[in-house]
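Report on the following structure.
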Amino acid sequence: MDKDKKVVLTPKDKGMDQFIRRIELVMADQPGVIEQVTIYEGEDSFPRFTFVDPRINDAIPPSQFRKIQ
């Protein structure tokens, strides 16, 4: 992986690193688009989200929303 495509975020508060050690963002070739997010809670514990076929600013019809009271 191209190192220029990865952004690594680490917590400023050292107490926070017991919950989240770091967050890695992998950028897509399209500017401003994230391809993958990995949240490291520990070295062996991490959820990874991979975004496939991203669409930017697509219209979302109002029927996709519901009112919560």
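(1) surrounded by 10 or more Cβ atoms within 10 Å (Cβ to Cβ); (2) over 16 Å from the mean Cα position of the chain (by Cα); (3) among the aromatic types (Phe, Trp, Tyr): which one isn't true of Phe65, the others all being true?
In the conditions (1) surrounded by 10 or more Cβ atoms within 10 Å (Cβ to Cβ); (2) over 16 Å from the mean Cα position of the chain (by Cα); (3) among the aromatic types (Phe, Trp, Tyr), Phe65 misses (1) alone.
Going through the stretch 31-42 one residue at a time, which ones are open to solvent by less than 100 Å² (accessible area, probe 1.4 Å) and at negative phi? Reasoning before the result, please.
Step one: of the stretch 31-42, the residues open to solvent by less than 100 Å² (accessible area, probe 1.4 Å) are 32-42.
Across the stretch 31-42, the qualifying residues are Val33, Ile34, Glu35, Gln36, Val37, Thr38, Ile39, Tyr40, Glu41, Gly42.
Counting only residues that are surrounded by 10 or more Cβ atoms within 10 Å (Cβ to Cβ) and part of a loop (DSSP other than H, G, I, E, B), how many does the stretch 10-19 have? Walk me through it before giving the result.
Applying the first criterion (surrounded by 10 or more Cβ atoms within 10 Å (Cβ to Cβ)) to the stretch 10-19 yields 10-11, 16-19.
Now restrict to residues that are part of a loop (DSSP other than H, G, I, E, B): 10-11, 19.
Residues meeting the conditions: 3.
Can you run down the residue pairs with Cβ atoms below 8 Å, 6 or more apart or on separate chains, where the first is in the stretch 13-41 and without any contact (Cβ under 8 Å) to a residue 24 or more places away in the chain and the partner is among the acidic types (Asp, Glu) and open to solvent by less than 80 Å² (accessible area, probe 1.4 Å)?
Between residues of the stretch 13-41 that are without any contact (Cβ under 8 Å) to a residue 24 or more places away in the chain and residues that are among the acidic types (Asp, Glu) and open to solvent by less than 80 Å² (accessible area, probe 1.4 Å), the close pairs are Met27/Glu35; Gln36/Glu24; Val37/Glu24; Thr38/Glu24; Tyr40/Glu24.
The values are calculated or read from the model by the stated rules, or taken from the named source; none is laboratory data. The structure displayed is predicted, hence computed values, not measured ones. Virtual Cβ from ideal backbone geometry, glycine too; neighbours counted across all protein chains shown. For the accessible areas, the whole protein counts, side chains as well, though only heavy atoms, and no ligand, DNA or RNA atoms are used. Shrake-Rupley method; radii C 1.70, N 1.55, O 1.52, S 1.80 Å.
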